[in-house]
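**Q** If you scroll down you'll find the structure; I have some questions about it.
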Amino acid sequence: MAKFTDQFDRHDPFSFLPSGIAFTWPAILLRDARVLLNGFDKAELIELAQAVEKLLTAYADPKDFPFEKEHWIWTRAKPEWLTDSDFKSSGSIRDAFEDLNIFLAMHDHSKLDVNPSLKARTEEWHLLATMAIWKLIDSWNIAHGQVVGKFNPSLTRSNKDIRSFEATSLAMEAQACCSSALQIKERARYLADLNAVRDHREKQKKKTVAKKGADARSKKYETYREKAIALANSRKFDSQDEEARWISDKLEYAPEKFVPMSSIKTWLRKYRKKV
């Protein structure tokens, strides 16, 4: 476990560039993570990282951590952590599992505690990309014999094998963070596209139903229009009102419901303009 403390103050998350052959692919991960975080600034990333650190501590609370052995997270426990008696504190749980796995197993985005304007712009993949940069910086620091984030204080310059193992583990966790972020973003985009297609189909379906209804009503009105014209030509009338009233009384389209006089007048007016 490497808690987030001052990693982004010691190394700028947007300009930090690890050097050396061993850090070639982590540098590529940094690029991918920064692309995901386009639009955020350093202060915002610090706020997000602090919020993630707070969430991880809460997620690893022994009272809430999933002790059901069927839960997938138990397959990710480090080999040296196998008994329930070891899970006495949030810190010990975070030592037993990578932060990424705790995050993926427990994350509830509604509990993200940052300022409202930042929260409105933040998605789950932004938090994972932030974590990826934080873990890569930790990996670099460990590889160079620096103690970070209250990491194991025994990692001195003399413990090269231990430092190499821990640095590699953190870099691999960072890679998994970045990969998970990309996958979650792509899944969200796919679901958004799928919902857009569904909404479009639903709108088209409603339009089709509405058009069929309109066509049916138009056909029905056309029948009554033709009847109204035929009745108007069947005799003479002293006025348009008399004509419309007489025809309306003869055009019953439902029990006790007759074609309005106004509709009849409109039909006859348009008909007579043509003839």
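**Q** For the chain, modelled as a GNM with alpha-carbon contacts under 10 angstrom, which of ALA51, ALA181, ALA132 fluctuates the most?
**A** With Cα springs under 10 Å in the chain, the top fluctuation among ALA51, ALA181, ALA132 is at ALA51.
**Q** Give the order of ILE264, ILE162, ILE93, ILE184 when sorted by the count of other beta carbons within 10 angstrom, beginning with the fewest.
**A** Details: ILE264 26, ILE162 14, ILE93 22, ILE184 18.
The fewest-first ordering by Cβ neighbours comes to ILE162, ILE184, ILE93, ILE264.
**Q** Over 26 Å between Cα atoms, which of LYS207/LYS257; LYS185/LYS205; LYS3/LYS42; LYS211/LYS236; LYS205/LYS257 qualify? Mind showing how you got there, number by number?
**A** Working: LYS207/LYS257 28 Å; LYS185/LYS205 30 Å; LYS3/LYS42 18 Å; LYS211/LYS236 38 Å; LYS205/LYS257 31 Å.
Correct reply: LYS207/LYS257; LYS185/LYS205; LYS211/LYS236; LYS205/LYS257.
**Q** Nearest 500 deg cm²/dmol is fine: what mean residue ellipticity at 222 nm does the chain get from its DSSP H runs of n ≥ 4 alone, each adding -39,500 (n - 2.57), divided by its residue count? Working shown, then result.
**A** Numbers: 10 runs with 174 residues, N = 275.
After summing the helix terms and dividing by residue count, I get -21500 deg cm²/dmol.
**Q** Any chance you could run the full-extension gain for ASP95 through THR208? It's 0.36 nm times the residue separation minus the Cα-Cα distance, nm to one decimal.
**A** Working: separation 113, 0.36 × 113 = 40.68 nm, distance 5.93 nm.
Going from the current span to full extension adds 34.7 nm.
**Q** Looking at (1) 35.6, 116; (2) 31.3, 117; (3) 20.6, 64, which value of Rg and Dmax of the Cα atoms in Å comes from a calculation on the structure shown?
**A** (1)
**Q** I would also like to ask the following. At 0.36 nm per residue, minus the direct Cα-Cα distance, what do ASP32 and LYS69 gain on full extension? Give it in nm, one decimal, please.
**A** Working: separation 37, 0.36 × 37 = 13.32 nm, distance 3.46 nm.
Here the segment from ASP32 to LYS69 would lengthen by 9.9 nm.
**Q** For region 231-275, which chymotrypsin sites (Phe, Trp or Tyr not before Pro) pass both filters: DSSP loop (anything but H, G, I, E, B) and at most 14 other C-beta atoms within 10 Å?
**A** Numbers: sites: PHE237, TRP246, TYR253, PHE258, TRP267, TYR271; in loops: PHE237.
Passing sites in region 231-275 are PHE237.
Read the figures in this text as sums done on the coordinates, not as results from a lab. Here the structure is a predicted model, which means the values were calculated and not measured. No Cβ is skipped: glycine too gets one built from the backbone with ideal geometry, and neighbour counts run over all protein chains shown.
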